Amino acid sequence: MKKFLALLLTVLMVVGLTACGGSTPAATTTATQAPAAADGETQAAEASYMDELVAAAQAEGELIVYGSCEEEYLAVACEKFEELYGIKVQYQRLSTGEVQSKIEEENGTPSADVWFGGTTDPYNVCAAEGLLMPYEAQNASHLLSDSYRDADGNWYGIYKGILGFMVNRDELDRMGLEAPQDWPDLLKPEYEGLIWTSNYNTAGTAKLVVNTMIQKYGHDEGIQYLVDLDKNVHVYTKSGSGPSKNVGTGECVVGIGFLHDGITQIVDNGYGNIELIIPSSGTSYEIGATAIFKGAKHENAAKLWIEFALSPDCVNLAKDNGSYQFLVIDNAEQPAIAAEFGLDPENVMDYDFEDAKQNTTTYVEEVMNALGGGDSRFETE
């Protein structure tokens with residue numbers, strides 16, 4: 001009887017949703033949240049919900065995406081969404097820090113509907129500021145762990161990446177230097193002017209570096225580490241993937257970033273001189289996410305994007321388009337090449353996402369103040 005009542009309630013919700021729109025429900029309805037996954041008796045209701053959501057999204061006819069993953073993956077994901085649903089997609093590639101700043105400035109009247117890719121620290125800041133729209137996604141039932149989603153549905157994980165070092169083996173050999181094996185090694189004077197990392201103001205990767213150092217060493221010691229590291233940094237790139245793109249050429253000898261970006265340079269661009277290093281004392285990881293902006297103009301299309309982003313139709317495109325992160329849904333096909341490079345998605349520190357959510361903005365400000373506000377090495381364009 002309980003199962004019957006649950007099914008009846010779900011059906012009534014769907015009927016109510018249809019009734020709201022009169023004779024043209026798809027054009028005037030905002031779809032309700034997805035029904036929670038349950039046993040076979042609710043499958044029909046879940047399918048009905050998706051039908052309603054697709055119709056409502058198609059009536060809106062458009063979606064605007066800010067993407068913080070690499071542009072090749074962003075482009076093909078948007079093209080696939082258009083192909084599946086006939087909804088026109090506009091997209092722009094921005095670093096996560098840039099999206100955060102833009103959405104904070106727009107303050108509830110966003111110029112895009114959804115955010116796709118990039119590490120979750122800036123997502124968590126925006127969630128804490130009330131700038132993301134909670135949505136209980138039906139396909140979230142496929143997430144490998146609740147750690148890959150925001151508890152309130154503000155964002156959902158789509159991939160996982162490991163933070164580490166990428167070095168140009170040829171250049172190190174030419175200079176007679178050993179590759180750094182751990183975070184303290186990067187402070188050695190022989191690496192002066194050889195290290196590239198990313199801008200703490202603009203790159204989600206850099207914000208993760210800040211939080212990682214503070215969580216590893218403590219607040220004051222973590223900030224002091226970054227001040228000491230600054231003495232050896234040649235360039236702070238605008239985007240987190242910037243260092244990886246310059247290691248193979250030798251312009252950057254030691255880069256700090258996500259190791260899957262290094263794999264892209266080795267596999268797709270042929271830079272066999274790049275070596276990937278996981279810091280020996282431990283490192284952290286990103287959860288690449290997707291979310292809906294609060295106040296999105298195309299709300300149903302945005303919800304449909306979340307369902308799409310949490311499906312094999314989307315995430316299985318990554319490995320064929322230069323993105324080799326580990327995937328976090330149970331029906332996806334993991335990129336075997338990441339394991340071939342010795343990367344283990346579980347060999348990471350216990351990262352405190354709640355501390356990052358509450359304090360990233362403050363920590364970044366403290367680091368930049370300690371560095372005197374930055375200089376010409378901090379790229380913003």
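The values are calculated or read from the model by the stated rules, or taken from the named source; none is laboratory data. Nothing here was measured: the structure is a model prediction, and the numbers come from that model. With ideal geometry, Cβ positions are generated from the backbone for all residues, glycine too; neighbour counts draw on all protein chains shown. Side chains included, ligands, DNA and RNA excluded: accessible areas come from the protein's heavy atoms. Shrake-Rupley method; radii C 1.70, N 1.55, O 1.52, S 1.80 Å.
Please report the antiparallel percentage of the DSSP beta bridges confined to region 129-277, to the nearest 5.
60
What number comes out for the charge environment of residue 293, summing +1 per Lys or Arg and -1 per Asp or Glu over other residues with Cβ under 9 Å away?
For residues surrounding residue 293, the net value is -1.
Out of 162, 306, 214, any idea which swings most in a Gaussian network model of the chain, alpha carbons joined below 10 Å?
214
Counting only protein heavy atoms and a 1.4 Å probe, tell me what percentage of region 48-93's accessible area is made up of carbon and sulfur.
40
Using a/c under 1.5 as the rounded threshold, could you call region 62-168 rounded, prolate or oblate? The axes a ≥ b ≥ c are square roots of the C-alpha gyration tensor eigenvalues, and prolate needs a/b larger than b/c, oblate otherwise.
Taking the square roots of the gyration eigenvalues as a ≥ b ≥ c, region 62-168 is rounded.
Based solely on C-alpha atoms, express the radius of gyration and the Dmax of region 233-307 in angstrom.
For region 233-307, the Cα radius of gyration and maximum Cα-Cα distance read 17.1, 47 Å.
In terms of solvent-accessible area of protein heavy atoms at a 1.4 angstrom probe, what is the ranking of 341, 116, highest value first? Kindly include the intermediate steps, with their values, before the conclusion.
Details: 341 75, 116 0 Å².
Ranked list, largest accessible area first: 341, 116.
Heavy atoms only, probe 1.4 angstrom, no DNA, RNA or ligands counted: give me 266, 103 ranked by accessible area, highest first.
Most to least solvent-accessible, the answer reads 266, 103.
Based on the Kirkwood radius over alpha-carbon pairs, what value in µm²/s does the Stokes-Einstein equation return for the translational diffusion coefficient of region 210-253 at 25 °C and 0.890 mPa s?
In µm²/s, the coefficient is 209.
Taking the Cα atoms of the chain alone, what are Rg (to one decimal) and Dmax (as a whole number) in Å?
Gyration radius and largest Cα-Cα distance of the chain: 21.9, 76 Å.
Pick out which of 164, 97, 193 has the largest mean-square fluctuation in a Gaussian network model of the chain, springs linking Cα atoms closer than 10 Å.
Looking only at 164, 97, 193, the biggest GNM fluctuation is shown by 193.
Indicate the gyration tensor shape class of region 89-224 (rounded, prolate or oblate), computed on the Cα atoms with a ≥ b ≥ c the square roots of the eigenvalues: a/c under 1.5 is rounded; otherwise a/b larger than b/c is prolate and the rest oblate.
Taking the square roots of the gyration eigenvalues as a ≥ b ≥ c, region 89-224 is prolate.
With springs only between Cα atoms under 10 Å apart, run a GNM on the chain and tell me which of 347, 232, 321 wobbles the most.
347
Amide H to amide H under 5 Å from residue 69: which residues, 5+ apart in sequence or cross-chain, H placed 1.01 Å off N in plane?
Close amide H contacts, sequence-distant or interchain: 118.
How large is the accessible surface of residue 72 in square angstrom, using a 1.4 angstrom probe and rounding to the nearest 10?
About 100 Å², ignoring ligands and nucleic acids.
With only alpha-carbon atoms in the gyration tensor, what are the semi-axes of the equivalent ellipsoid for region 318-381, in Å, largest first?
The three semi-axes for region 318-381 are 33, 18, 12 Å.
Please identify the GluC sites (Glu not before Pro) of region 266-372 that satisfy two criteria: DSSP loop assignment and at most 14 other Cβ atoms within 10 Å. Which are they?
Loop-located and lightly packed - 333, 346.
Using a 1.4 Å probe, what is the accessible area per residue for the chain, in Å²? Before the final figure, lay out the partial values.
Working: 15340 Å² over 381 residues.
It amounts to 40 Å² per residue over the chain.
Within the chain, which DSSP H helices have Cα atoms that stretch 18 Å or more along the helix axis and a mean Kyte-Doolittle hydropathy of at least -1.0?
Numbers: long enough: 2-20 (27 Å, 1.93); 43-60 (26 Å, -0.03); 71-85 (21 Å, -0.22); 204-217 (20 Å, 0.18); 353-370 (24 Å, -0.84).
Helix filter hits for the chain: 2-20, 43-60, 71-85, 204-217, 353-370.
Which of the lysines could a cross-linker bridge to residue 231, judged by Cα under 18 Å and excluding same-chain residues fewer than eight apart?
Excluding near neighbours in sequence, the set is 188.
Please report how far the C-alpha centroid of region 256-320 lies from that of region 99-114, rounded to the nearest whole angstrom.
With region 256-320 and region 99-114 each reduced to a Cα centre, they are spaced 21 Å.
Computed FRET efficiency, Cβ-Cβ of residue 47 and residue 350, R0 41 Å: what is it to the nearest 0.05?
E between residue 47 and residue 350, to the nearest 0.05, is 0.60.
Mind checking which lysines have their C-alpha under 19 Å from residue 102, skipping anything on the same chain fewer than 8 residues away?
The reachable lysines, counting only those whose Cα sits under 19 Å from residue 102, are 207, 238, 294, 297, 357.
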